[in-house]
Amino acid sequence: MNLNGTGRVGALCWVAAAPIFLVASLVTGLRWREPTYSWAIHNISDLGNARCVIWDSSRPRYVCSPWHPLMNAATLATAVLLATGLLLTWRILGRGAVVRSAQTLLLLATGGYALAALYPADIDENLHVLGAFLIMGLGNVGLFLAGLAPRTTTLGRWRPLTLTAGFIALTGTVLFFAQQGVGIGVGGMERVAVLPFPLWACCLGVLLAETPAQVPAPVSVTDHNSMIGER
């Protein structure tokens, strides 16, 4: 497989998405005071909440995120980068029902990131929950489905990586919605459900970016003479 310029830009978008999201999560969390932010206790969404309130009746906790605009901006940027990467690599990854279904579900997941960013949980909980469903529900199904892509496709070349990411993501999703922390806390389990997609996209972006550039086929002497004759 040779990668054209458009595909390379898409791959680089994928490479950038996860670091932006993770760095913003870390920096925003470090700005918390009384309480300090805990990746085991607090949800990712808590970083983007706009107000300081006691949040979540099922797991009450005080949420106060001074740098929530940074987290929401980074989450929106992640959505744009992941979606752009998908669209620019759409044809490169292969054809067929499995590949297209996986791509469509993953594209819907990028819309979930956008919803989560634009509608923090304490501003519009319904739209925020819809975004979470698109990410952890449809998106993780799409990621697992991508792992079933035929080996003859570009996507199928990295089946072990994709299947592993999809399995981890779906397992994390089931345990998170069941509110089971399994030693890492419910907040930690949410990250097991959310992070595999952007991390997988980052890894796949690196692998794609390392492929040779598409080189135009050389024109033979016969073809060159024919072109001259046609003039």
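Would you mind classifying segment 90-194 by shape? Square roots of the alpha carbon gyration tensor eigenvalues, ordered a ≥ b ≥ c; an a/c under 1.5 is rounded, otherwise it is prolate if a/b is larger than b/c and oblate if not.
Verdict is oblate for segment 90-194.
Can you tell me the 0 to 90 degree angle between the C-alpha axis of helix 221-230 and the longest principal axis of the chain, rounded to 10?
It is inclined by approximately 80 degrees.
Please list, in order along segment 97-113, the HN-Hα scalar couplings obtained from phi with the Karplus expression 6.51 cos²θ - 1.76 cosθ + 1.60 (θ = phi - 60°), rounded to whole Hz, x for Gly and Pro.
Computed from phi, the couplings for segment 97-113 are 4, 5, 5, 5, 5, 4, 4, 5, 5, 5, 5, 5, 5, 5, x, x, 4 Hz.
By residue number, which cysteines of the chain lack any other Cys whose Cβ falls under 4.7 Å from their Cβ?
Cys13, Cys202, Cys203
Can you sort Trp39, Trp158 from fewest to most other Cβ atoms within 10 Å of each residue's own Cβ?
Trp39, Trp158
Amide H to amide H, which residues 5 or more places from Trp55 or on other chains are under 5 Å from it, using H placed in the peptide plane?
Amide H neighbours of Trp55, under 5 Å, 5+ apart: Arg61, Tyr62, Val63.
Within segment 119-150, find all residues whose amide N lies under 16 Å from a label point positioned 7 Å from the Cα of Arg95 along Cα-to-beta-carbon.
It comes to 150, nothing else.
Using a Förster distance of 25 Å, how high is the FRET efficiency between Leu26 and Arg59, based on the Cβ-Cβ distance and rounded to 0.05?
0.70
What is the spin-label model distance, in nm, from Val80 to Asn4 if the labels are put 7 Å beyond Cα along the C-beta direction?
In this crude label model, Val80 to Asn4 measures out at 2.5 nm.
State whether segment 5-212 is rounded, prolate or oblate according to the following rule on the C-alpha gyration tensor (a ≥ b ≥ c being the square roots of its eigenvalues): a/c under 1.5 gives rounded; otherwise a/b larger than b/c gives prolate, and the remaining case gives oblate.
The shape class here is prolate.
Against the longest alpha carbon principal axis of the chain, how many degrees, from 0 to 90 and to the nearest 10, is the axis of helix 5-30 turned?
Around 10 degrees separate the two axes.
With only Lys, Arg, Asp and Glu charged, each at its Cβ (+1 for the first two, -1 for the last two), find how big the charge dipole of segment 121-210 is about the Cα centre; round to the nearest 20 debye. Spell out each step's value before the answer.
Values: 4 positive and 5 negative charges, 112 e Å.
Dipole magnitude for segment 121-210 comes out near 540 debye.
Could you give the length gained on full extension between Ile41 and Leu161, defined as 0.36 nm per residue of separation minus the Cα-Cα distance, in nm?
Full extension of this stretch gives 40.3 nm more.
What ranking of Phe144, Phe177, Phe21, Phe197 emerges when the number of other C-beta atoms within 10 Å of each C-beta is taken as an exposure proxy, fewest first?
Going from least to most buried by this count: Phe177, Phe144, Phe21, Phe197.
Just to confirm the number: angle between the C-alpha axis of helix 196-209 and the first principal axis of the chain, 0 to 90 degrees, nearest 10?
On a 0 to 90 degree scale, this one is about 20.
Values quoted throughout were computed directly from the atomic coordinates according to the rules given, and no laboratory measurement underlies them. It should be emphasised that the depicted structure is a prediction, and the values quoted were computed from it without experimental measurement. Cβ coordinates were reconstructed from backbone atoms using ideal geometry, including for glycine residues, and neighbour counts include every protein chain displayed.
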